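To keep things clear, I will list the structure first and then write my remarks on it.
The values are calculated or read from the model by the stated rules, or taken from the named source; none is laboratory data. Since this is a predicted model, take the numbers as computed values, not measurements. Please note: Cβ atoms are built from the backbone with ideal geometry, for glycine as well, and neighbour counts cover all protein chains shown.
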Amino acid sequence: DLIGTFHDEL
Amino acid sequence: MNVFRLAGDLSHLLAIIILLLKIWKTRSCAGISGRSQILFALVYTTRYLDLFTNFISLYNSVMKVFFISTSCATIYLMYVKFKATYDHNHDTFRIGFLLIPVTILGLLINHDFTPLEVLWTFSIYLESVAILPQLFMVSKTGDAETITSHYLFCLGLYRALYIFNWIYRYYFEGFYDLIAIVAGVVQTVLYCDFFYLYVTRVIKGKALKLPA
C-alpha cells in the first residue's frame, strides 16, 4: 500500500 | 528497519560528521558550497516538521534533531565563524534554478495537498538536487580536497543504500513510496560521475582532480 502522509524514513 | 536503511542512515551521519570535522580541524570551509549547505538545511527543516506531529521512534527523533541542528551549525561555521575562508567566488550556482521548479513540482505532484505533506514533498525533491551547487563548484575548480571527496562519497552512498532499502521493503513489506523512490534514484544518478572519480582516484590514494 502507498502511505501518504506518514513517513517513517529519514 | 533493515540493514540497508541502517547503513544508509549511518552513511548520512558519517558524511555530516566528516564535513563538520573538516571545517573544525582545518578552521576552513574552503571547497565547500555554502549554497548546497543552505539547500540541505532547508531540506531538513521542511521535512522534519513532523517531529512535532508524529512520534515514530526515539531513533527517528534523535536523527531528525541531529540533521536539523548540524545543518544549522554548518551554516553558522561557513557564514559566520569561518566566513573569511568561504570560497564564494567559485560558489556561483543559481539556486533559484533548483528552488523554483522543485516548489512547483512539490505543489503539483504530492501524496496529499496539505501544508506538511507539500513541505515533505518539496524537501524530497529538493534533496535530490541539493548537491548540484557543490558538484558545480568541484567541476569549476577542477579538484576537491580528499576529505571533501570522502564527505561527498558518504552523502551519495546514503541515498544509494536507501534504494536497496526500498527494494527490500517492496518485496518484504509491500511498502513503496514512489515520490521518494524516483527522487532517490535521480539523487543517486547525479553522483555517478563523482563515484567513478572517487573509486578510480581517491581510493587509489590520488587527489580528486578532474580530467582536463
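Would a scan of the stretch B:96-112 turn up a residue that is within 14 Å of another protein chain (Cβ to nearest Cβ), surrounded by fewer than 18 Cβ atoms within 10 Å (Cβ to Cβ) and either over 30 Å from B:GLY205 (Cα atoms) or within 19 Å of the chain's Cα centre (by Cα) (or both)?
Yes, there is a match, as at least one residue in the stretch B:96-112 is within 14 Å of another protein chain (Cβ to nearest Cβ), surrounded by fewer than 18 Cβ atoms within 10 Å (Cβ to Cβ) and either over 30 Å from B:GLY205 (Cα atoms) or within 19 Å of the chain's Cα centre (by Cα) (or both).
If I filter the stretch B:47-57 for residues that are under 19 Å from B:ARG35 (Cβ atoms), part of a helix (DSSP H, G or I), away from chain A (no Cβ under 14 Å) and among the charged types (D, E, K, R), do I get at least one hit?
There is no residue in the stretch B:47-57 that is under 19 Å from B:ARG35 (Cβ atoms), part of a helix (DSSP H, G or I), away from chain A (no Cβ under 14 Å) and among the charged types (D, E, K, R).
So, of the residues in the stretch B:171-196 that are aliphatic (A, V, I, L, M) and touching a residue at least 40 places away in the same chain (Cβ under 8 Å), which turns out to be nearest to the other protein chains (Cβ to nearest Cβ)?
Going residue by residue through the stretch B:171-196, those that are aliphatic (A, V, I, L, M) are B:178-183, B:185-186, B:189-190.
Imposing the further condition that a residue be touching a residue at least 40 places away in the same chain (Cβ under 8 Å) reduces the set to B:179-180, B:183, B:186, B:190.
Values: B:ILE179: 10, B:ALA180: 7, B:ALA183: 12, B:VAL186: 17, B:LEU190: 19 Å.
Filtering first and then ranking leaves B:ALA180.
Would you confirm, using the coordinates I've provided, whether B:ILE68 is part of a helix (DSSP H, G or I) and β-branched (Val, Ile, Thr)? Give the steps one after another, and end with the answer.
Values: part of a helix (DSSP H, G or I): yes; β-branched (Val, Ile, Thr): yes.
Answer is yes for this residue.
Filter the stretch B:120-145 for residues that are within 14 Å of another protein chain (Cβ to nearest Cβ) and either among the β-branched types (Val, Ile, Thr) or surrounded by fewer than 18 Cβ atoms within 10 Å (Cβ to Cβ) (or both) and give the result.
Within the stretch B:120-145, B:THR121, B:ILE124 qualify.
Can you name the helices (runs of 4 or more DSSP H) wholly within the stretch B:78-197 that have at least 2 residues being modelled with pLDDT of 95 or more, out of contact with any Lys or Arg (no Cβ under 7 Å at 6 or more places or on another chain) and under 19 Å from A:GLU9 (Cα atoms)?
Values: elements: B:96-108, B:115-129, B:132-141, B:146-173, B:178-197.
Of the helices (runs of 4 or more DSSP H) lying wholly inside the stretch B:78-197, those with at least 2 residues that are modelled with pLDDT of 95 or more, out of contact with any Lys or Arg (no Cβ under 7 Å at 6 or more places or on another chain) and under 19 Å from A:GLU9 (Cα atoms) span B:115-129, B:146-173, B:178-197.
Just for the stretch B:1-29: of the residues that are charged (D, E, K, R) and within 11 Å of chain A (Cβ to nearest Cβ), which one is surrounded by the most Cβ atoms within 10 Å (Cβ to Cβ)?
Filtering first and then ranking leaves B:ASP9.
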